[in-house]
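Read the structure below first, then the notes.
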Amino acid sequence: MHASYESDSYPAPTSSYTRATMRLRHIEVFQAVMETGSMSAAARLIHLTQSAVSRSVANAELQLGYPLFHRVGGRLVPTTEGLALFEESSAIFERLESLKRTAHNLKSGEQGLLRIAAIPAVCHKLLPDALARFHRAHPNVTCEVHTVHKRQIAAELLTRSVDLGLDYYTITHPGVQSRSLGVGPLFAMLPGRHSRALAHGISPAALIELLSTLPVVALTDDDPLYMAFLRYCEHQGFRPTGRLLVQTSQLAEELVAREIGWTVVDFRTAAMRRKDVVVTPLQPYVECSMNAFFAKNHSPTLLARRMADTVKAVLKEGV
(Lines give C-alpha, C1' and ligand atoms only; values in the text may rest on other atoms or scores of the structure.)
Protein backbone atom coordinates (compact mmCIF):
# COMPACT_ATOMS: atom_id res chain seq x y z
CA MET A 1 0.00 0.00 0.00
CA HIS A 2 1.25 3.46 -0.85
CA ALA A 3 1.72 5.46 2.33
CA SER A 4 2.85 8.62 0.64
CA TYR A 5 2.19 10.69 -2.44
CA GLU A 6 4.98 12.20 -4.50
CA SER A 7 4.39 15.11 -6.86
CA ASP A 8 7.74 15.34 -8.61
CA SER A 9 7.75 12.09 -10.61
CA TYR A 10 5.85 13.21 -13.70
CA PRO A 11 7.15 13.43 -17.22
CA ALA A 12 7.35 16.73 -18.99
CA PRO A 13 3.99 17.91 -20.30
CA THR A 14 3.15 16.41 -23.65
CA SER A 15 2.07 18.51 -26.58
CA SER A 16 -0.27 15.78 -27.84
CA TYR A 17 -3.92 16.60 -27.23
CA THR A 18 -4.87 12.94 -27.47
CA ARG A 19 -2.47 12.13 -24.64
CA ALA A 20 -3.82 14.80 -22.29
CA THR A 21 -7.01 12.98 -21.35
CA MET A 22 -8.72 11.67 -18.22
CA ARG A 23 -10.73 8.50 -18.10
CA LEU A 24 -14.08 8.40 -16.29
CA ARG A 25 -12.51 6.34 -13.50
CA HIS A 26 -9.81 9.00 -13.12
CA ILE A 27 -12.48 11.68 -12.81
CA GLU A 28 -14.33 9.71 -10.13
CA VAL A 29 -11.16 9.20 -8.07
CA PHE A 30 -9.97 12.77 -8.61
CA GLN A 31 -13.31 14.15 -7.44
CA ALA A 32 -13.19 11.95 -4.33
CA VAL A 33 -9.67 13.16 -3.43
CA MET A 34 -10.67 16.78 -3.97
CA GLU A 35 -13.76 16.38 -1.81
CA THR A 36 -12.07 14.53 1.06
CA GLY A 37 -8.57 16.08 0.96
CA SER A 38 -6.65 12.80 1.29
CA MET A 39 -6.01 9.52 -0.47
CA SER A 40 -7.16 7.42 2.47
CA ALA A 41 -10.45 9.28 2.92
CA ALA A 42 -11.10 9.16 -0.82
CA ALA A 43 -10.48 5.40 -0.78
CA ARG A 44 -13.09 4.93 1.95
CA LEU A 45 -15.58 7.16 0.10
CA ILE A 46 -15.49 5.25 -3.17
CA HIS A 47 -14.71 1.81 -1.67
CA LEU A 48 -11.23 1.34 -3.10
CA THR A 49 -7.88 0.65 -1.50
CA GLN A 50 -5.60 3.59 -0.84
CA SER A 51 -3.03 2.16 -3.25
CA ALA A 52 -5.68 1.95 -6.01
CA VAL A 53 -6.58 5.60 -5.46
CA SER A 54 -2.92 6.61 -5.53
CA ARG A 55 -2.31 4.66 -8.74
CA SER A 56 -5.38 6.17 -10.41
CA VAL A 57 -4.24 9.72 -9.60
CA ALA A 58 -0.71 8.94 -10.79
CA ASN A 59 -2.04 7.45 -14.05
CA ALA A 60 -4.22 10.52 -14.63
CA GLU A 61 -1.26 12.82 -14.07
CA LEU A 62 0.86 10.68 -16.41
CA GLN A 63 -1.69 11.02 -19.19
CA LEU A 64 -2.23 14.72 -18.55
CA GLY A 65 1.48 15.54 -18.30
CA TYR A 66 1.24 17.69 -15.16
CA PRO A 67 0.59 17.18 -11.43
CA LEU A 68 -2.85 17.55 -9.91
CA PHE A 69 -1.67 17.79 -6.29
CA HIS A 70 1.32 18.88 -4.23
CA ARG A 71 2.04 17.61 -0.74
CA VAL A 72 2.49 20.55 1.64
CA GLY A 73 3.08 19.90 5.32
CA GLY A 74 1.63 16.41 5.11
CA ARG A 75 -1.45 17.61 3.26
CA LEU A 76 -2.51 17.24 -0.36
CA VAL A 77 -2.96 20.64 -1.97
CA PRO A 78 -4.40 20.86 -5.50
CA THR A 79 -2.26 22.55 -8.10
CA THR A 80 -3.58 25.39 -10.24
CA GLU A 81 -4.23 22.84 -12.99
CA GLY A 82 -5.95 20.56 -10.48
CA LEU A 83 -8.28 23.33 -9.36
CA ALA A 84 -9.16 24.17 -12.96
CA LEU A 85 -9.86 20.54 -13.79
CA PHE A 86 -11.94 20.10 -10.65
CA GLU A 87 -14.23 22.93 -11.69
CA GLU A 88 -14.61 21.60 -15.23
CA SER A 89 -14.94 17.93 -14.27
CA SER A 90 -17.55 18.49 -11.55
CA ALA A 91 -20.33 18.80 -14.12
CA ILE A 92 -19.09 15.65 -15.89
CA PHE A 93 -18.98 13.79 -12.58
CA GLU A 94 -22.53 14.83 -11.73
CA ARG A 95 -23.69 13.62 -15.15
CA LEU A 96 -21.84 10.35 -14.60
CA GLU A 97 -23.58 9.83 -11.26
CA SER A 98 -26.91 10.64 -12.90
CA LEU A 99 -26.15 8.09 -15.62
CA LYS A 100 -25.41 5.45 -12.98
CA ARG A 101 -28.70 6.17 -11.20
CA THR A 102 -30.62 6.05 -14.48
CA ALA A 103 -29.01 2.75 -15.46
CA HIS A 104 -29.88 1.29 -12.06
CA ASN A 105 -33.44 2.59 -12.20
CA LEU A 106 -33.97 1.21 -15.69
CA LYS A 107 -32.72 -2.20 -14.59
CA SER A 108 -34.97 -2.17 -11.54
CA GLY A 109 -37.94 -0.73 -13.44
CA GLU A 110 -38.06 2.39 -11.28
CA GLN A 111 -38.09 4.82 -14.18
CA GLY A 112 -38.28 4.94 -17.96
CA LEU A 113 -40.90 5.13 -20.70
CA LEU A 114 -43.62 2.54 -21.29
CA ARG A 115 -45.65 2.81 -24.50
CA ILE A 116 -48.90 0.86 -24.79
CA ALA A 117 -51.23 0.24 -27.71
CA ALA A 118 -54.73 -0.87 -26.74
CA ILE A 119 -58.12 -1.10 -28.39
CA PRO A 120 -60.85 1.31 -27.18
CA ALA A 121 -62.65 -1.43 -25.22
CA VAL A 122 -59.51 -2.00 -23.13
CA CYS A 123 -58.88 1.73 -22.68
CA HIS A 124 -62.46 2.24 -21.50
CA LYS A 125 -62.56 0.07 -18.36
CA LEU A 126 -59.57 -2.19 -17.81
CA LEU A 127 -56.60 0.01 -18.63
CA PRO A 128 -57.44 2.91 -16.26
CA ASP A 129 -57.41 0.56 -13.26
CA ALA A 130 -54.24 -1.18 -14.44
CA LEU A 131 -52.49 2.15 -15.08
CA ALA A 132 -53.47 3.50 -11.67
CA ARG A 133 -52.03 0.44 -9.95
CA PHE A 134 -48.91 0.48 -12.13
CA HIS A 135 -48.34 4.18 -11.42
CA ARG A 136 -48.54 3.63 -7.66
CA ALA A 137 -45.83 0.98 -7.94
CA HIS A 138 -43.72 2.89 -10.47
CA PRO A 139 -44.35 6.62 -9.93
CA ASN A 140 -41.29 7.68 -11.96
CA VAL A 141 -42.24 5.76 -15.10
CA THR A 142 -43.83 7.72 -17.94
CA CYS A 143 -46.69 5.85 -19.61
CA GLU A 144 -47.81 6.68 -23.13
CA VAL A 145 -51.10 5.13 -24.33
CA HIS A 146 -52.01 4.75 -28.00
CA THR A 147 -55.72 4.05 -28.46
CA VAL A 148 -55.88 2.11 -31.70
CA HIS A 149 -57.98 -0.49 -33.49
CA LYS A 150 -57.00 -4.13 -33.63
CA ARG A 151 -55.43 -4.04 -37.08
CA GLN A 152 -53.05 -1.26 -35.97
CA ILE A 153 -51.51 -3.03 -32.97
CA ALA A 154 -49.16 -5.24 -34.98
CA ALA A 155 -47.84 -2.27 -36.95
CA GLU A 156 -47.28 -0.28 -33.75
CA LEU A 157 -45.27 -3.16 -32.26
CA LEU A 158 -43.23 -3.94 -35.37
CA THR A 159 -42.23 -0.32 -35.91
CA ARG A 160 -41.28 -0.11 -32.22
CA SER A 161 -43.77 2.69 -31.70
CA VAL A 162 -45.00 0.83 -28.60
CA ASP A 163 -43.60 -1.78 -26.20
CA LEU A 164 -46.82 -3.60 -25.41
CA GLY A 165 -50.14 -4.29 -27.09
CA LEU A 166 -53.39 -5.14 -25.28
CA ASP A 167 -56.36 -6.67 -27.05
CA TYR A 168 -59.05 -9.30 -26.75
CA TYR A 169 -58.54 -12.56 -28.62
CA THR A 170 -55.55 -13.13 -30.89
CA ILE A 171 -53.52 -11.18 -33.41
CA THR A 172 -52.45 -13.31 -36.35
CA HIS A 173 -49.09 -11.99 -37.48
CA PRO A 174 -45.75 -13.84 -37.82
CA GLY A 175 -43.88 -10.98 -36.14
CA VAL A 176 -46.10 -10.80 -33.04
CA GLN A 177 -46.12 -13.05 -29.98
CA SER A 178 -48.88 -13.17 -27.38
CA ARG A 179 -49.31 -13.88 -23.68
CA SER A 180 -52.63 -14.76 -22.12
CA LEU A 181 -53.66 -12.49 -19.25
CA GLY A 182 -57.16 -13.67 -18.47
CA VAL A 183 -60.26 -15.44 -19.77
CA GLY A 184 -63.95 -14.89 -19.09
CA PRO A 185 -67.35 -15.00 -20.77
CA LEU A 186 -68.68 -12.57 -23.33
CA PHE A 187 -71.74 -10.69 -22.05
CA ALA A 188 -74.83 -9.09 -23.50
CA MET A 189 -75.55 -5.62 -22.07
CA LEU A 190 -79.17 -4.47 -22.14
CA PRO A 191 -81.05 -1.39 -20.89
CA GLY A 192 -81.76 -1.47 -17.17
CA ARG A 193 -85.51 -1.96 -17.71
CA HIS A 194 -84.79 -5.61 -18.58
CA SER A 195 -83.27 -6.35 -15.19
CA ARG A 196 -86.38 -8.13 -13.94
CA ALA A 197 -86.41 -10.52 -16.90
CA LEU A 198 -82.78 -11.42 -16.20
CA ALA A 199 -82.90 -11.40 -12.40
CA HIS A 200 -83.28 -15.16 -11.97
CA GLY A 201 -81.39 -16.29 -15.02
CA ILE A 202 -82.60 -16.88 -18.52
CA SER A 203 -82.45 -19.81 -20.89
CA PRO A 204 -80.43 -19.60 -24.11
CA ALA A 205 -83.61 -19.68 -26.21
CA ALA A 206 -85.27 -16.97 -24.10
CA LEU A 207 -82.16 -14.80 -24.31
CA ILE A 208 -82.06 -15.08 -28.11
CA GLU A 209 -85.75 -14.22 -28.25
CA LEU A 210 -85.24 -11.16 -26.04
CA LEU A 211 -82.26 -9.94 -28.03
CA SER A 212 -84.13 -10.36 -31.30
CA THR A 213 -86.68 -7.77 -30.14
CA LEU A 214 -84.03 -5.09 -29.65
CA PRO A 215 -81.68 -3.34 -32.10
CA VAL A 216 -78.02 -4.16 -31.58
CA VAL A 217 -75.44 -1.44 -30.99
CA ALA A 218 -72.41 -3.01 -32.60
CA LEU A 219 -68.79 -2.02 -32.94
CA THR A 220 -67.10 -1.79 -36.33
CA ASP A 221 -66.21 -5.00 -38.11
CA ASP A 222 -62.56 -5.10 -36.99
CA ASP A 223 -63.48 -5.06 -33.30
CA PRO A 224 -62.61 -8.44 -31.73
CA LEU A 225 -65.69 -8.53 -29.50
CA TYR A 226 -67.97 -7.86 -32.43
CA MET A 227 -66.28 -10.55 -34.50
CA ALA A 228 -66.85 -13.05 -31.69
CA PHE A 229 -70.46 -11.89 -31.49
CA LEU A 230 -70.96 -12.47 -35.24
CA ARG A 231 -69.68 -16.02 -34.86
CA TYR A 232 -72.11 -16.50 -31.97
CA CYS A 233 -75.00 -15.26 -34.10
CA GLU A 234 -74.02 -17.58 -36.94
CA HIS A 235 -73.91 -20.60 -34.65
CA GLN A 236 -77.28 -19.72 -33.12
CA GLY A 237 -78.93 -18.91 -36.43
CA PHE A 238 -79.69 -15.48 -35.04
CA ARG A 239 -79.79 -12.34 -37.16
CA PRO A 240 -79.60 -9.14 -35.06
CA THR A 241 -81.95 -6.34 -36.07
CA GLY A 242 -81.62 -2.58 -36.42
CA ARG A 243 -77.83 -2.59 -36.28
CA LEU A 244 -76.21 0.68 -35.20
CA LEU A 245 -72.44 0.79 -35.78
CA VAL A 246 -70.08 2.73 -33.50
CA GLN A 247 -66.30 2.74 -33.05
CA THR A 248 -65.91 2.61 -29.28
CA SER A 249 -67.33 0.39 -26.57
CA GLN A 250 -67.87 3.44 -24.37
CA LEU A 251 -70.27 4.96 -26.90
CA ALA A 252 -72.03 1.61 -27.30
CA GLU A 253 -72.50 1.38 -23.53
CA GLU A 254 -73.89 4.90 -23.31
CA LEU A 255 -76.36 4.18 -26.11
CA VAL A 256 -77.55 1.05 -24.30
CA ALA A 257 -77.99 3.10 -21.12
CA ARG A 258 -80.24 5.42 -23.14
CA GLU A 259 -82.30 2.41 -24.25
CA ILE A 260 -81.24 2.57 -27.90
CA GLY A 261 -80.60 -1.18 -27.96
CA TRP A 262 -78.19 -3.80 -26.62
CA THR A 263 -74.51 -4.59 -27.16
CA VAL A 264 -71.84 -7.15 -26.31
CA VAL A 265 -69.19 -6.41 -23.68
CA ASP A 266 -66.17 -8.17 -22.22
CA PHE A 267 -66.16 -9.78 -18.77
CA ARG A 268 -64.23 -6.88 -17.24
CA THR A 269 -66.75 -4.28 -18.38
CA ALA A 270 -69.60 -6.54 -17.24
CA ALA A 271 -68.12 -6.73 -13.74
CA MET A 272 -68.27 -2.94 -13.36
CA ARG A 273 -72.02 -2.69 -13.40
CA ARG A 274 -74.03 0.49 -13.54
CA LYS A 275 -77.65 0.99 -12.52
CA ASP A 276 -78.98 1.96 -15.94
CA VAL A 277 -77.86 -1.24 -17.68
CA VAL A 278 -78.02 -4.97 -16.98
CA VAL A 279 -75.65 -7.70 -18.17
CA THR A 280 -75.98 -11.43 -18.72
CA PRO A 281 -73.49 -13.90 -20.21
CA LEU A 282 -74.20 -15.05 -23.74
CA GLN A 283 -75.54 -18.59 -23.86
CA PRO A 284 -74.11 -20.96 -24.81
CA TYR A 285 -70.85 -19.76 -23.26
CA VAL A 286 -68.66 -17.60 -25.50
CA GLU A 287 -65.06 -17.28 -24.37
CA CYS A 288 -63.43 -13.85 -24.23
CA SER A 289 -59.66 -13.82 -23.74
CA MET A 290 -57.43 -10.86 -22.91
CA ASN A 291 -53.90 -10.99 -24.27
CA ALA A 292 -50.68 -9.01 -24.16
CA PHE A 293 -48.72 -8.73 -27.40
CA PHE A 294 -45.03 -8.13 -28.04
CA ALA A 295 -42.83 -7.95 -31.14
CA LYS A 296 -41.09 -11.31 -31.67
CA ASN A 297 -37.81 -9.83 -32.81
CA HIS A 298 -37.41 -7.68 -29.68
CA SER A 299 -37.24 -8.92 -26.11
CA PRO A 300 -40.08 -7.41 -24.04
CA THR A 301 -38.83 -4.63 -21.78
CA LEU A 302 -38.97 -5.06 -18.02
CA LEU A 303 -41.62 -2.33 -17.79
CA ALA A 304 -43.76 -4.00 -20.49
CA ARG A 305 -43.61 -7.33 -18.64
CA ARG A 306 -44.53 -5.65 -15.36
CA MET A 307 -47.45 -3.86 -16.99
CA ALA A 308 -48.70 -7.16 -18.41
CA ASP A 309 -48.42 -8.66 -14.91
CA THR A 310 -50.41 -5.72 -13.54
CA VAL A 311 -53.20 -6.18 -16.09
CA LYS A 312 -53.32 -9.88 -15.27
CA ALA A 313 -53.59 -9.14 -11.54
CA VAL A 314 -56.38 -6.61 -12.09
CA LEU A 315 -58.33 -9.11 -14.19
CA LYS A 316 -57.83 -11.87 -11.64
CA GLU A 317 -58.99 -9.76 -8.73
CA GLY A 318 -61.90 -8.25 -10.63
CA VAL A 319 -61.28 -4.80 -9.12
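The values are calculated or read from the model by the stated rules, or taken from the named source; none is laboratory data. If you're wondering where the values come from, they're calculated on a predicted model, not measured in any experiment. No Cβ is skipped: glycine too gets one built from the backbone with ideal geometry, and neighbour counts run over all protein chains shown.
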Among the residues of the range 198-216, is there at least one that is under 25 Å from LEU251 (Cα atoms), at pLDDT 95 or above, hydrophobic (A, V, I, L, M, F, W, C) and touching a Phe, Trp or Tyr at 6+ places or on another chain (Cβ under 9 Å)?
no
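Residues that are assigned by TED's automatic domain parsing to the domain that holds ARG274, surrounded by fewer than 18 Cβ atoms within 10 Å (Cβ to Cβ) and among the charged types (D, E, K, R): find the helices (runs of 4 or more DSSP H) completely inside the range 154-258 holding 2 or more of those. Steps first, please.
On the way: elements: 195-198, 204-212, 224-236, 249-257.
It comes to 224-236.
Among the residues in the range 98-105, are any assigned to a strand (DSSP E or B), within 30 Å of PHE294 (Cβ to Cβ) and modelled with pLDDT under 90?
Step one: list which residues in the range 98-105 are assigned to a strand (DSSP E or B), which gives none.
Checking the range 98-105: not a single residue is assigned to a strand (DSSP E or B), within 30 Å of PHE294 (Cβ to Cβ) and modelled with pLDDT under 90.
Within the range 128-147, is there a residue that is surrounded by 15 or more Cβ atoms within 10 Å (Cβ to Cβ), under 24 Å from ARG239 (Cβ atoms) and of a type outside the set (S, T, N, Q)?
To start, the set of residues in the range 128-147 that are surrounded by 15 or more Cβ atoms within 10 Å (Cβ to Cβ) comprises 129-131, 133-134, 138, 141, 143, 145-147.
Retained after the next criterion (residues that are under 24 Å from ARG239 (Cβ atoms)): none.
Among the residues of the range 128-147, not one is surrounded by 15 or more Cβ atoms within 10 Å (Cβ to Cβ), under 24 Å from ARG239 (Cβ atoms) and of a type outside the set (S, T, N, Q), which makes the answer no.
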